[in-house]
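One structure is given below, encoded as structure tokens.
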Amino acid sequence: MSAPTITMDDIDRAIVAHLRKNGRATNQQIADILGLTAATVSSRIRRMEDANALRVVAVSDFSAHGYNVLLEVAIEVEGRPASEVAEELAKLPEVFAAHLVTGRYDIDVLVALHDFDGLADLMLNKLAKIHGIRSLVPAIAIDVVKYEFDVAPIEAKDG
Amino acid sequence: MATPQLDDFDRQLIEVLGRDARVSNRKIAADLGVTEGTVRGRIRRLQQEKLIAFTALTSLGTQGAVKLAFIAIQTEVDRVRAIADEIAKIPKVTGVLITMGRSNIIAICLFEELEELVTVASDQILAMPGVHHVETSIAVKTFKYNARVVKITGAGAIPEAD
């Protein structure tokens with residue numbers, strides 16, 4: 001599956017801006033607003049999607065999945081490549097994001113749990129088994145003031 | 001945060017639309033064996049309850065090499081909300097969490113040039129009254145980033161076209 005890199009022009013960006021506001025707008029509605037034909041809108045969306053530069057998706061709220069506890073955890077690694085530790089952490093379903101970072105800590109993860117009982121299972125049964133974690137410094141999210149989600153790594157389409 | 005009641009049909013809808021939001025109500029209805037009206041009604045309800053939102057994701061890392069950084073901020077405790085609201089107004093800051101832990105606020109910043117991050121963290125945020133300390137860590141490699149499950153904070157329901 002080859003994903004050609006593409007350059008996006010002003011028309012592409014206008015289409016994306018519209019889809020960000022209303023991802024379910026029909027090609028015809030977008031075409032009418034931007035003074036294009038529905039066929040042009042359709043083919044431009046397909047071109048960006050094929051290049052993995054765009055996905056128009058529904059995102060769902062943590063609460064829709066029953067996740068009521070959100071934690072950010074900074075992790076120090078010792079005696080093992082941090083990439084390996086991050087790779088293992090990324091496999092845990094509770095981990096929503098895992099990044100290698102610069103600074104005092106080595107890995108930053110975002111964890112979502114159904115409730116605080118989930119913390120014991122995560123800590124004692126899962127994190128304790130990952131070799132190389134020297135320390136964990138959690139921050140409990142008590143309020144989410146802003147959470148924009150329209151720029152993200154895009155994985156290749158499967159099927 | 002009360003757990004909303006979702007049935008299997010809601011979960012199927014979230015799954016289908018999470019892969020591609022541009023599939024028509026008619027196709028979803030045919031695939032799931034329900035009427036178009038049912039699909040339309042459920043989607044509207046999920047949107048109104050802010051359980052789903054539709055968006056266009058563009059790629060992190062190819063769009064002029066966008067990078068991500070976490071900024072951990074220590075503030076005076078009694079000013080934390082006002083400061084968080086102020087930080088949320090910065091356009092390059094895409095996430096703001098009020099936290100209990102090593103800092104009071106964690107901000108997520110998207111930037112292309114290092115200069116932009118420095119401006120946000122060391123100039124704009126650090127200069128706010130009540131901010132004691134900022135600590136920036138740049139994400140140098142991403143192992144996981146689930147962009148489909150998020151916190152929907154936007155005001156009001158997003159209109160849906162039929």
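Give just the number: which of (1) in contact with an Asp or Glu (Cβ under 9 Å, 6 or more places away or on another chain); (2) among the charged types (D, E, K, R); (3) more than 11 Å from chain A (Cβ to nearest Cβ) does B:GLU49 not satisfy?
(3)
Which of the residues belonging to the range B:65-87 are out of contact with any Ser or Thr (no Cβ under 9 Å at 6 or more places or on another chain), modelled with pLDDT under 95 and closer than 20 Å to A:ASP108 by Cβ?
B:ALA65, B:LYS67
In the range A:106-121, which residues are crowded, with 18+ Cβ neighbours inside 10 Å and closer than 21 Å to B:VAL149 by Cα?
A:ILE107, A:ASP108, A:VAL109, A:LEU110, A:VAL111, A:ALA112, A:LEU113, listed by residue number.
Would you pick out the residues in the range A:23-39 that are without any contact (Cβ under 8 Å) to a residue 12 or more places away in the chain and buried (at least 18 other Cβ atoms within 10 Å of the Cβ)?
A:ARG24, A:ALA25, A:ALA31
Would it be correct to say that A:VAL59 is touching a residue at least 60 places away in the same chain (Cβ under 8 Å), in a strand (DSSP E or B) and within 11 Å of another protein chain (Cβ to nearest Cβ)?
For A:VAL59, the condition - touching a residue at least 60 places away in the same chain (Cβ under 8 Å), in a strand (DSSP E or B) and within 11 Å of another protein chain (Cβ to nearest Cβ) - is met.
Going through the range A:25-56 one residue at a time, which ones are part of a helix (DSSP H, G or I) and polar (S, T, N, Q)?
A:ASN27, A:GLN28, A:GLN29, A:THR40, A:SER42, A:SER43
Need the failing condition index for A:ALA53 against (1) modelled with pLDDT of 95 or more; (2) within 8 Å of chain B (Cβ to nearest Cβ), just the number.
All conditions pass for A:ALA53, except number (1).
If A:ALA86 passes every condition in (1) within 9 Å of another protein chain (Cβ to nearest Cβ); (2) of a type outside the set (Asp, Glu); (3) on the phi > 0 side of the Ramachandran plot but one, which one does it miss?
Only one criterion in (1) within 9 Å of another protein chain (Cβ to nearest Cβ); (2) of a type outside the set (Asp, Glu); (3) on the phi > 0 side of the Ramachandran plot is unmet by A:ALA86, namely (3).
Just to be sure I understand, how many residues within the range A:62-82 are facing another protein chain (nearest Cβ under 7 Å) and in contact with a helix residue (DSSP H, G or I) (Cβ under 8 Å, 6 or more places away or on another chain)?
Residues in the range A:62-82 being facing another protein chain (nearest Cβ under 7 Å) and in contact with a helix residue (DSSP H, G or I) (Cβ under 8 Å, 6 or more places away or on another chain): 2 in total.
So, A:ALA31, is that one under 23 Å from B:ILE108 (Cα atoms) and touching a helix residue (DSSP H, G or I) at 6+ places or on another chain (Cβ under 6 Å) or not?
The answer is no for A:ALA31.
Just to be sure before I move on: is B:THR119 over 15 Å from the mean Cα position of the chain (by Cα) and among the polar types (S, T, N, Q) in the structure I sent?
Yes, satisfied.
Of the residues that sit in the range A:57-87 and are among the β-branched types (Val, Ile, Thr) and touching a His at 6+ places or on another chain (Cβ under 9 Å), which one is farthest from A:ILE130 (Cα to Cα)?
A:VAL69
Of all residues being in a helix (DSSP H, G or I) and in contact with an Asp or Glu (Cβ under 8 Å, 6 or more places away or on another chain) in the range A:115-135, which is farthest from A:ALA98 (Cα to Cα)? Just the residue, please.
Ranking the qualifying residues of the range A:115-135, first place goes to A:GLY118.
Looking at the range A:93-106, can you tell me whether even one residue there is out of contact with any strand residue (DSSP E or B) (no Cβ under 6 Å at 6 or more places or on another chain), polar (S, T, N, Q) and at the interface with chain B (Cβ under 8 Å from one of its Cβ atoms)?
no
Just need a number here: residues in the range B:89-145 that are over 19 Å from A:ASP106 (Cβ atoms), free of Cβ contacts under 8 Å to residues at least 40 places away in the same chain, assigned to a strand (DSSP E or B) and of a type in the set (A, V, I, L, M, F, W, C).
Total meeting the criteria: 7.
Suppose we filter B:LYS92, B:LYS67 for residues that are more than 7 Å from chain A (Cβ to nearest Cβ) and in contact with a Cys (Cβ under 8 Å, 6 or more places away or on another chain); which single one remains?
Among B:LYS92, B:LYS67, only B:LYS92 is more than 7 Å from chain A (Cβ to nearest Cβ) and in contact with a Cys (Cβ under 8 Å, 6 or more places away or on another chain).
The values are calculated or read from the model by the stated rules, or taken from the named source; none is laboratory data. Being a predicted model, the structure only gives us computed values, none of them experimental. Cβ: placed from backbone, ideal geometry, glycine included. Neighbour counts: every protein chain shown.
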